[in-house]
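See structure below.
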Amino acid sequence: MNYGFVIDARKCIGCHACTVACKSENQVPLGVNRTWVKYVEKGTFPDTRRYFTVLRCNHCAEPPCVDICPVEALQKRPDGIVDFDSRRCIGCKACAQACPYNALYIDPDTHTSAKCNYCAHRKEVGLQPACVTICPQQAIVSGDLDDPSSKIAALVASERTVVRKPEKGTSPKLYYINGDGASLDPLQAPLQDAYHWSAQTRGVGHFAGKGKSAPGIEKRTHAAPSAGPKVRRVYDIASKGAVWGWEVPAYVTAKAVSSGVFLVFFALLMIFRQDLSASLQWASWAVSLVFLALTGGFLVKDLDRPDRFSSVMLRPQFGSWLVRGGLTITGYGALLALWGVGKFLQVPLLEAVSLWGGALFALVTAIYTAFLFGAAKGRDFWQSPMLLVHMLLNSLLAGGSAMLLIGFGTGASVELSDLLTHMLVVGFGLHIAVMLIELFGKHPSVQAERAAEIIREGSLKNQFWVGSFFAGNLVPMVLALVSSDPFLLAFAALLGLCGVFYTEKVWVQAPQRIPLS
């Protein structure tokens, strides 16, 4: 078995019977949808035409949502259906970032991910999915794509069909006959200031069931040149907004401080051979440990089902970078604790082993988020090869800034302060260069370019240019370069830490403001 769908756009009349049947059959709450109909209009009155496009899960042959899920709440069945188990879901929302088709949502009642599951409970007793049964035009066809005698296999073989975003390599199994490019590509029919249901701001995305308003998708998304100015979206579901909220940049920043402080601490001891005072060593250890605890706290806070957090360790899906990251953080925390024990009990061997092991785990802790973001195939901007360097530099900047403050607090020598200051100057310079390359360099897709535009000149431009670029990088670099005053250097270090947070905030938010459907 290899189940799939065909949507025959020649027959669809936009009646929404499939949406209603799906909601009724699966008890889908208000405000979210497993299948929906999008309206796109072309032309100028009276020479206009309206196109109807049914959107839903594509039941990919290579589903990225399954790969990124840390607890196997999503799985691809032997019959090709991509199903979910809400009893396992921890509400991390990584699947929503991985899906290029906007198919997943957070159920506002259960606070777990859900999507079209091909009405698997009906298929198992020999029935068709509810949407197929209800469609008055028989515009939705389901069946076994590998059975040459099936209607769906005959349609795919004989008709000219298209799929959404084939460049993602997910091998989607939702085929469109006479599919309209402007309807299937969200950037060809840009979001307007208003269309039907566009004003819904509660019960969607990251804010589902939390009684908060969700920030919208960037309205300044320009149409692709091929679409022309007369293509407009007139009916669609509400934007899910930012699926990952402030907790994710806060977690990345806390992780950067923890891993960065220990990496700088290791470098000062083993590379630069600095004679560090006991108070500075203990303070560095304590800061690393505290911010590692904050990292875990922000991670749990971002979950919509924090009561299930232990599932990441108790029933992990080891292919997910969420699990690998969790194991890395756990190992890093254990080695930090061992270093503290070795230092306190004055066991040199234990202290040395945990120092080297802790540095290795700190390095992986600093950069693993780049691989996690890279697994989110729905967000092209995060697919940048520079993201690994970006994450490493952010950790070193956060660690160097925090270490400079620790040094002032523990009475470090002028020589050590000068060394840290010079390291920060180089770090800020490299970080500025990497950010500019990420924003002004060539991007692999239009979606990635749009995200960069949002940061450079869109709704996040003030946060980036003021909070990240000038106040968070350029000003502290200049202060560290021209001043030796401890108070000014401490101020520069504080600005550097704020700059790390603002940088991660805009890097997390910008791709989420690009519509996926």
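Observations on the structure shown:
- Where helices (runs of 4 or more DSSP H) sit wholly within the stretch 270-345, those with at least 3 residues that are open to solvent by less than 30 Å² (accessible area, probe 1.4 Å), at pLDDT 95 or above and touching a helix residue (DSSP H, G or I) at 6+ places or on another chain (Cβ under 6 Å) occupy 278-302, 321-345.
- Taken together, the residues in the stretch 55-79 that are surrounded by 20 or more Cβ atoms within 10 Å (Cβ to Cβ) and in contact with a helix residue (DSSP H, G or I) (Cβ under 6 Å, 6 or more places away or on another chain) amount to 7.
- Condition check for Val82: modelled with pLDDT under 95, of a type in the set (A, V, I, L, M) and open to solvent by less than 10 Å² (accessible area, probe 1.4 Å): no
- Which listed residue is touching a helix residue (DSSP H, G or I) at 6+ places or on another chain (Cβ under 9 Å), open to solvent by 40 Å² or more (accessible area, probe 1.4 Å) and modelled with pLDDT under 95, from Lys230, Lys219, Lys212: Lys212
- Boolean, Thr53 is touching a Leu at 6+ places or on another chain (Cβ under 7 Å), among the polar types (S, T, N, Q) and over 26 Å from Val508 (Cβ atoms): yes
- Any hit, the stretch 27-43, residues being closer than 23 Å to Gln383 by Cα, of a type outside the set (Gly, Ala, Ser) and buried (at least 16 other Cβ atoms within 10 Å of the Cβ): no
- Count of the stretch 148-179 residues which are open to solvent by 20 Å² or more (accessible area, probe 1.4 Å), touching a residue at least 12 places away in the same chain (Cβ under 8 Å) and part of a loop (DSSP other than H, G, I, E, B): 8
- Members of the stretch 110-128 that are more than 29 Å from Gly241 (Cα to Cα) and in a loop (DSSP other than H, G, I, E, B): Glu124, Val125, Gly126, Leu127, Gln128
- Of the listed requirements (1) surrounded by 22 or more Cβ atoms within 10 Å (Cβ to Cβ); (2) outside any helix (DSSP H, G or I), Ala398 misses just one: (2).
- First in the stretch 463-489 and aliphatic (A, V, I, L, M), second anywhere and open to solvent by 70 Å² or more (accessible area, probe 1.4 Å), Cβ under 6 Å, 6 or more apart: Leu479/Leu488
- Single unsatisfied condition, Glu457 versus (1) touching a residue at least 24 places away in the same chain (Cβ under 8 Å); (2) closer than 28 Å to Leu372 by Cα: (1)
- Options Thr369, Thr365; residue that is farther than 28 Å from Ala103 by Cβ, surrounded by 24 or more Cβ atoms within 10 Å (Cβ to Cβ), within 23 Å of the chain's Cα centre (by Cα) and of a type in the set (Val, Ile, Thr): Thr365
The values are calculated or read from the model by the stated rules, or taken from the named source; none is laboratory data. Note that the coordinates shown come from a computational prediction; the quantities given were computed from them, not determined experimentally. For neighbour counting, all protein chains shown are included, and Cβ atoms are generated from backbone atoms with ideal geometry for every residue, glycine included. Please note that ligands, DNA and RNA were not included when accessible areas were found on the heavy atoms of the full protein model with its side chains. Shrake-Rupley method; radii C 1.70, N 1.55, O 1.52, S 1.80 Å.
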